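Down below is the structure, laid out as structure tokens.
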Amino acid sequence: MSAKESIEALRNKINYHNHRYYVLDDPEISDAEYDQLLKELQELEHKHPDLITADSPTQRVGASPLQEFSPVEHTVPMLSLANAMSPEEVLEFDERVKKFLKSKEEIDYVVEPKLDGLAVELIYEAGRLILGSTRGDGYNGEDITQNLKTIKAIPLLLHKRGVTPVPRRIAVRGEVIMAIKDFELLNKRRTESGEQLFANPRNAAAGSVRQLDSRVTAQRPLDMYCYGIGEIEGVTFKTQGELLQGLKAWGLKVNPHITLCKDIREAVAACQKIESMRETLPYEIDGAVVKVNWFDLQNALGTISKSPRWATAFKFAPHQETTVIEDIQVQVGRTGALTPVAILKPVRVGGV
Ligand code: IVH
């Protein structure tokens, strides 16, 4: 085997195990075996620097720091979601959808967890990650390609062996998050080194992704779930459900707690199911997203003031915790007024 072929074979092997570990959470080999493969590749590339490519798994360690991020325009704007604060408001959303479509028929919906992280866009051309950006104001974001390349759940190359062909160009959208336990560990280390703490996992994810030095990002435990697309060339999907299957087949990470519902009642039940799982999930969510499944209906519904008419976010109540009053101290004011102050036993609320 030539050096080129050995490098190619090693890269394929590493990409395969990377996907098993970081996307499917189902590794086949030990960390030590994985590290050994990576080491072999590094050594080969060191001997043949002319064979190093930008999409090699060795290139996930970060690059030289930037002075600033370059602007990136989103050809299809990255919209935000209107909120439904109760199941009744989700039912009202369904009524508006039917009224707009002048239809009495039940609508298929997809219900997804609303991840509390940072929205990003990944552009793949011929299956190769060429650009990654923040959402910004929805129309213009920042080029954070180097940083996103350090996140192992993001494939540098899309899988081509599936039934769905890889599009010529696609903008994949999703949320970069930090798991709660990783956030706690990061803050613990920052306490020890006297660095400022992150307020919550979302801030930690956002702060990590917006580092000018991608070598810092590479040290942060980030993850990403994909839930949609912007522009796409060469492939079409009929439904959100089909799209999510396609994203998965290309090796992108899709949340496992997504339900296809045949009407709004099922969708409300799916929202409530996600809410009941909230405290047991390893990452923070702040709601559930209800999306019209069929893209032709989505297109007919369109958008209104930056939000699509075809989706709504069912927002959960802010985190609540119970604690005990340990003491009541009476403070004496300047005028002699007495103010009782409750001393509460500290509790953790939503990771804080
Ligand atoms: S769909 C127009 N799906 O929520 C549809 N968004 O206010 C836009 N988010 O900026 C996005 N989980 O950061 C969608 N499963 C999900 C989501 C999700 C989290 C965030 C996203 C977006 C914001 C919308």
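Where a number appears in this text, it was derived from the coordinates with a stated rule and is not lab data. Predicted, not measured: the structure shown is a model, and the values here were computed from it. Every residue, glycine among them, receives a Cβ derived from its backbone with ideal geometry; neighbour counts consider all protein chains shown.
Each listed q (0.17, 0.18 Å⁻¹) maps to a log10 I(q)/I(0) for the range 1-132 from the Debye sum over equal C-alpha point scatterers, namely -1.09, -1.16.
Taking GluC sites (Glu not before Pro) across the range 200-288, none is in a DSSP loop with at most 15 further Cβ atoms lying within 10 angstrom of its Cβ.
The mean of 1/r over all pairs of different alpha-carbon atoms in the range 214-335, once inverted, gives a Kirkwood hydrodynamic radius of 18.2 Å. Restriction of the chymotrypsin sites (Phe, Trp or Tyr not before Pro) in the range 252-298 to DSSP coil positions whose beta-carbon has at most 12 other beta-carbons within 10 angstrom yields no sites.
In this structure the amide hydrogen of ALA63, modeled in the peptide plane, comes within under 5 Å of the amide hydrogens of SER214, ARG215, none closer than 5 places in sequence on its chain. Within a straight-line Cα-Cα reach of under 17 Å, LYS13 can be paired with the following aspartates and glutamates, leaving aside sequence neighbours fewer than 8 residues apart in one chain: GLU5, ASP25, ASP26, GLU28, ASP31, GLU33, ASP35, GLU40, GLU43, GLU45, ASP55. Amide H contacts of TYR225 (H built 1.01 Å from N, in plane; Pro and chain starts excluded): GLU175, ILE177 sit under 5 Å, all sequence-distant by 5 or more or on other chains. A straight Cα-to-Cα reach below 21 Å connects LYS114 with the lysines LYS181, LYS248, LYS253, LYS262, LYS273, LYS291, LYS306, LYS315, residues fewer than 8 places away in its own chain not being considered. Around the amide H of LYS114, modelled in the peptide plane, lie the amide H atoms of ASP286, GLY287, ALA288, VAL289, all under 5 Å away and 5 or more residues distant in sequence or on another chain. Its residues counted as N, the range 1-57 yields a C-alpha radius of gyration over 2.2 N^0.38 Å of 1.14.
With the alpha-carbon atoms of the chain aligned to their principal axes, the span from lowest to highest coordinate is 85, 60, 39 Å, starting with the largest.
Counting charges near ASP286 (Lys, Arg +1; Asp, Glu -1) among other residues having Cβ under 10 Å from its Cβ returns a value of +2.
For the chain, the relative contact order comes to 22 percent (Cα pairs under 8 Å, sequence separation of at least 6). Taking a Cβ cut-off of under 13 Å around ILE154, the surrounding Lys, Arg, Asp and Glu residues balance to a net charge of +2, with basic ones at +1 and acidic ones at -1. Where the centre of each part is set by its Cα atoms, how far does the range 240-255 sit from the range 56-103, in angstrom? With the range 240-255 and the range 56-103 each reduced to a Cα centre, they are spaced 16 Å. Taking a straight Cα-Cα cut-off under 14 Å and skipping sequence neighbours fewer than 8 places away in the same chain, the aspartates and glutamates within cross-link reach of LYS102 are ASP94.
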